[in-house]
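**Student:** Have a look at this one.
Read-outs: derived from the displayed coordinates by stated rules, not from any lab. Since we're looking at a predicted model, the values are computed, not measured. Neighbour counts run over all protein chains shown; Cβ positions are idealised from the backbone, glycine included.
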Amino acid sequence: MVIEQDVPGTGDPVAADPTSEAGRLAQQSAEAFEDADRSPDPQVKADRLAAAQELAGDSELAAAYTYLQRVVGIIAVLLPAVLALGNMLFNGVELRGSISGYYYTPVGSVFVGALCALAVFFLSYNYRPLPRYELDNVLSNLACLAALGVAFFPTTDHAATASGGEKAVALVHLLCACALFVLLAVFSLVLFTRTGGGGRSAAKGRRNLVYRVCGGLIVATIALVVVSNIVDPPSSWHSLFWLESVGVVAFGISWLVKGWRPRLGAPA
């Protein structure tokens, strides 16, 4: 799932990068086609052609994942601003205490819809799993479930007057939100920073720096949310909203870089 997409000939304006997963698969496909062309044995030729076609399909799949990564990144980067500004437009009120609090506003459907869209995109990575990405598929499935949990098990609107059932639902929401943030940090810090065969380019090193900074911000967000709940700062600070916004935007930036990473520089 979390692959470096540089595929020549796909129509995507992305430079071919032999260190990327898609580029590696494309190169292997080309080599298999060449081997098939040189082979005098009809059966060997047929086997190598079949292998080459399968590798080419995997390379195209790797390229297609690029677009999913871009959409995920755009949704995440825009979500806090869309919720805050949309609520101000319709309600003319100040910020809510948290991103999840917008569930109870006129833009609540935007909040739920965005999380459902993210869940669908996480799940879509398993449409046809690529080789060597079993862990990615497992984690994307878990992220899908966590996003759905955040969407369909809302936090309480007023914790002080919430019923026992509402508090139980809110607890599920909290656990799902924590799991989602942890998974997003793993994507940025562990999965996105991996390097396939062929070594690591200078551009990949720069991208890894971005991934680690974004992952670090997500981890810091989780820690500061815990501290905020203990310290209980004034509600006028809207600390939980701002902390969550930093984490969500950091997550979005890491996925945008993953999908549009050549913009950080040509492969070295």
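**Student:** Ordered by residue, what ³J(HN,Hα) values in Hz, to whole numbers, does the stretch 80-88 give under the Karplus form 6.51 cos²θ - 1.76 cosθ + 1.60, where θ = phi - 60° and Gly and Pro are x?
**Tutor:** x, 5, 4, 5, 5, 5, x, 5, 5
**Student:** Need one number: nm distance between label points at Ala168 and Ile74, each 7 Å from Cα along Cα→Cβ, rounded to one decimal.
**Tutor:** 4.1 nm
**Student:** Determine which residues of the stretch 73-117 fall in the zone a paramagnetic label at His158 would reach in this model, i.e. backbone nitrogen under 16 Å from the point 7 Å along Cα→Cβ.
**Tutor:** 97, 104-105
**Student:** A further question on this structure: How high is the FRET efficiency from Asn137 to Ser228, r the C-beta distance, R0 30 Å, rounded to 0.05?
**Tutor:** Details: r = 34 Å, r/R0 = 1.13.
The value I calculate is 0.35.
**Student:** Could you give each residue of the stretch 209-219 its phi-based ³J(HN,Hα) in whole Hz, using Karplus coefficients 6.51, -1.76, 1.60 with θ = phi - 60°, and x for Gly or Pro?
**Tutor:** 4, 4, 4, 5, 5, 5, x, x, 5, 5, 4
**Student:** For the stretch 135-152, just list the computed ³J(HN,Hα) in residue order, Karplus coefficients 6.51, -1.76 and 1.60, θ = phi - 60°, integers in Hz, with x standing in for Gly and Pro.
**Tutor:** Karplus-based 3J(HN,Hα) across the stretch 135-152 equals 4, 4, 5, 4, 5, 5, 5, 5, 5, 4, 5, 5, 5, 5, x, 4, 6, 9 Hz.
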